[in-house]
Amino acid sequence: MLFHAPLTCDRIQLSISKEDDLMTLNKCPECGCKLTQEMIDANMCWECGKILDESFLDTETIREISEQAGDINPFSKKEVKEHKLTTGFNFENKCISEYLGLVSGETVLGTGFITDFKASFSDLFGMESKAYSQNLKDAKQAALYDMIMDSISKGGNAIIGISYSYITFSGNMIGISVNGTSVKVE
């Protein structure tokens, strides 16, 4: 769907697409998560279910999408943000009342040709590869979010003993796994 708003200025007519406005979004206006190209193409943030530009949709479609988004992620942002995390095995001034079991989150990252090309220059000059670093940070956040959701679904409000593992697959693919123990703290 492509909508255009014509503008006339000094006898020159320009056509501005609303999709161009979506392309300039970097973060979701609702939850602040980084938007991927797939999210922009779908006109929706997959983390919180926010429709990025409602002018593309009729009211019935907006209502249906909002209901489905609640089904996909039934946990509140507050539960996710307040989930306590540590690489250690306890929390200062907190008592672990229940151990709920192992939780994990995984993601696989494709480095991509352009990232590899940029990294080769960084490697040549002995510099940090900003592209690889940002991709790894994003992948770690995605894996951590999955693990937190797993913990919340088990009734936990904290995770102890967090550790990350990195796996290299063929074809420039990197797997990131994060594990921990879901607990209830008081």
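All of the numbers you see were taken from the coordinates with simple rules; none came from a lab. These numbers were taken from a predicted model, which means no experiment stands behind them. So basically every Cβ, Gly included, is an ideal-geometry build from the backbone, and we count neighbours across all protein chains shown.
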At R0 = 30 Å, FRET efficiency that the Cβ-Cβ distance of Gln141 and Glu92 yields, to 0.05: 0.75
Subset of Lys50/Lys154; Lys78/Lys140; Lys27/Lys81; Lys50/Lys77; Lys84/Lys137; Lys84/Lys154 violating a 22 Å alpha-carbon distance limit: Lys50/Lys154
Cβ crowding within 10 Å averaged over residues, with 156-167, 89-100 ranked highest first: 156-167, 89-100
